[in-house]
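One structure is given below, encoded as structure tokens.
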Amino acid sequence: MACIPGLNPPKTLAIISSSSSYSINNNLPLSSSSKSHLKIAQLSKRLPKISIVMATKQQEDGLSLNALTSSDRRDEVMIAAKSSLSNCLSETNLHLTIPSLKSKTRGKVRDIYDGGDYLVLVTTDRQSAFDRVLASIPFKGQVLNDTSLWWFNQTQHIAPNAIIAVPDKNVTIAKKCSVFPVEFVVRGYVTGSTDTSLWTVYKNGVRNYCGNALPEGMVKNERLPANIITPTTKAADHDVPITPDEIVQQGLMSQADYDEASRKALSLFEYGQRVALEHGVILVDTKYEFGKGPDGSVLLIDEVHTPDSSRYWLAHSYEARFNNGLEPENVDKEFLRLWFKDHCNPYEDKVLPNAPEELVTELAWRYIFLYETITKSRFQIPETTTEPIHDRISRNVSHALSLLLPN
């Protein structure tokens, strides 16, 4: 995605909310239908702190980690997820309903639309692993959007981001920038089950991976001596590991841009680990994506520290389980990955088995559990309405673009 030369983003009002009600414009007041809990942030050349206001009040006592496997909240979410299995957002076609959207790019999870000076990113409920879509998970798109927004807010002191507005539970509007074709995968532990995971390559004898020298004698799930970056290229069908030298030699990034992005990636990860641990979970590994804005600044894009892009373990049991040779208790999609590896060849089989209903709803709960545990905010389970999800998104995005784009 190329930058538009001379693009100078206009000053607008961005409403960051889990509600579908919003308004964007310096001169327009909030309509009578807008919710009183909305907060508005004035955007300038440097994006100010984003406020995320949930429709329900923050929990006073926080969540116990024991609630992962047994709690009233888990039961509530599981029942809601089961009733929403047939109402997942698996596909969008906003370019067919909104004339100002020029084209659609379908990612593994996000549908990305070209809106001229802006990109419209719709986070769907598609579940991706092994470089393919495995299932659709109720509420996933909304909880990923909420999670990223919380982290974007918390990390602006480390890396500026491209967020312009959030007009819908599943949608983010961002500045258009030139995206670096590299994913910055940051790892703190030797673990994983995919072909490119650190444990897979380590047990196969690799001791220099993506330019990182790995010590002998490490075991699965052990913490690395220091956090490392293992970059991959953003290939269409399969991400390919690459070294920093190869990135520069192949012209994917300049040395200066790579150095800046890698510094930001390590700082973001260290900060994320600290915040996660304060809330009882370990941020094991994650991936970041960056782009270059019209002014030459390196911007954080896509998503931040979501359970889709990251691996999380429960901290209170990690040491004991590691010492006893047991797998950590995870709060991410690893258990779904393992189920598919046990029941098929997810890399080669053309048709995959359907994920069991209980695993799909369990994953919905884990994503919500992680969000509520770290943010100490209560996830707003979508209300059942007569308006189809796609119609709601189309209406909200159309109105947002009518305020953002010139007449």
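The values are calculated or read from the model by the stated rules, or taken from the named source; none is laboratory data. Predicted, not measured: the structure shown is a model, and the values here were computed from it. No Cβ is skipped: glycine too gets one built from the backbone with ideal geometry, and neighbour counts run over all protein chains shown. Only protein heavy atoms, including side chains, enter the accessible area calculation; ligands, DNA and RNA are left aside. Shrake-Rupley method; radii C 1.70, N 1.55, O 1.52, S 1.80 Å.
Tell me, what ³J(HN,Hα) does each residue in the stretch 146-154 have, in order and in whole Hz, if you take phi through Karplus 6.51 cos²θ - 1.76 cosθ + 1.60 with θ = phi - 60° and put x for Gly and Pro?
4, 5, 4, 4, 4, 6, 4, 4, 6
Over 20 Å between Cα atoms, which of K102/K169; K287/K333; K140/K376; K140/K264; K264/K287 qualify?
Exceeds cut-off: K102/K169; K140/K264.
Could you state the number of Å between the C-alpha centres of the stretch 70-96 and the stretch 158-201?
23
From Cα coordinates alone, what are the radius of gyration and Dmax values for the stretch 318-361 in angstrom?
My reading of the Cα-based Rg and Dmax gives 13.4, 40 Å.
Solvent-accessible area per residue for the stretch 271-407 at a 1.4 Å probe radius, Å²?
Ligands and nucleic acids excluded, the result is 43 Å² per residue.
Pop out the carbon and sulfur fraction of the accessible area of the stretch 209-342 as a percent, whole number, probe 1.4 Å.
Answer for the stretch 209-342: carbon and sulfur cover 48 percent of the accessible area.
Too long at a 26 Å Cα-Cα cut-off: which of K220/K350; K108/K341; K220/K341?
K220/K350
For the stretch 182-257, report the translational diffusion coefficient in µm²/s to the nearest whole number, using Stokes-Einstein at 10 °C, 1.306 mPa s, and a Kirkwood Rh over Cα pairs.
Estimated via Stokes-Einstein, D reaches 122 µm²/s.
Cα centroids of the stretch 348-407 and the stretch 101-136: how far apart, whole angstrom?
Cα centroid of the stretch 348-407 versus Cα centroid of the stretch 101-136: 12 Å apart.
Take peptides 115-123, 93-101, 173-181 and line them up by average Cβ neighbours within 10 Å, highest first, as a rough protection proxy.
115-123, 173-181, 93-101
In µm²/s, what is D for the stretch 93-214 at 20 °C and 1.002 mPa s, where D = kT/(6 pi eta Rh) by Stokes-Einstein and Rh is the Kirkwood radius from Cα pairs?
Estimated diffusion coefficient is 127 µm²/s.
With N set to the number of residues, divide the alpha-carbon radius of gyration of the stretch 264-407 by 2.2 N^0.38 Å and report two decimals.
Scaled against compact globular proteins, the figure is 1.34.
Arrange the peptides 397-406, 144-153 so that the one whose residues have, on average, the most other Cβ atoms within 10 Å appears first.
Final packing ranking: 144-153, 397-406.
Compute the accessible area per residue over the stretch 111-207, keeping the other protein chains in place, probe 1.4 Å, unit Å².
21
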